[in-house]
């Protein structure tokens, strides 16, 4: 009998091993869920990007296609880089900087000024009258909920440039 009791005790798993297996399963499941969340996460920009993007779309003359390449948010201003294709197939990369009004140390979504492609040339979109007219519609833009998906264009891989260019043809 003494031999059988020792045999039965050594053949079973100890409570320590059972607890460690449970913790491995819990940790593995938690890690898997974090990985899934990471893969499904899509970064969102601020409403300033949405307002600036809407202003670009309303003031770009005859765009056949607009693709947003990147966005830089500086707090009281946002700079958006985009690629424009006109109806004739001419492709150009432009920058658009929107400066927002600051009231009571709070940045509002209303435009103060815009700058298209630097200060080499003045565009119609930069006129204060056009900006004030657009500011009247900002509450409607916010209520409509513009797409705030952060533009992503990989700048490290040279193959990405070729794929990006071949997308047009």
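The values are calculated or read from the model by the stated rules, or taken from the named source; none is laboratory data. This structure is a prediction, so every number in the text was calculated from the model and none was measured. All Cβ positions, even for glycine, are placed from backbone atoms using ideal geometry, and neighbour counts span all protein chains on display.
Which of the residues that make up the range 35-62 are more than 18 Å from the chain's Cα centre (by Cα) and outside the structural domain of residue 150 (by TED's automatic domain parsing)?
Correct list: 35, 36.
Do you know which residues across the range 35-61 are outside any helix (DSSP H, G or I) and within 15 Å of residue 83 (Cβ to Cβ)? Please lay out each step first, then the result.
Within the range 35-61, the first condition is being outside any helix (DSSP H, G or I), and the residues that meet it are 41-46, 60-61.
Correct list: 60 only.
Of the residues 88, 32, which single one is in the same structural domain as residue 139 (by TED's automatic domain parsing), loosely packed, with under 14 Cβ neighbours inside 10 Å, over 25 Å from residue 143 (Cα atoms) and modelled with pLDDT under 90? I'd like the intermediate steps shown before the answer.
Working: 32 fails: in the same structural domain as residue 139 (by TED's automatic domain parsing).
88 is the lone residue from the list that is in the same structural domain as residue 139 (by TED's automatic domain parsing), loosely packed, with under 14 Cβ neighbours inside 10 Å, over 25 Å from residue 143 (Cα atoms) and modelled with pLDDT under 90.
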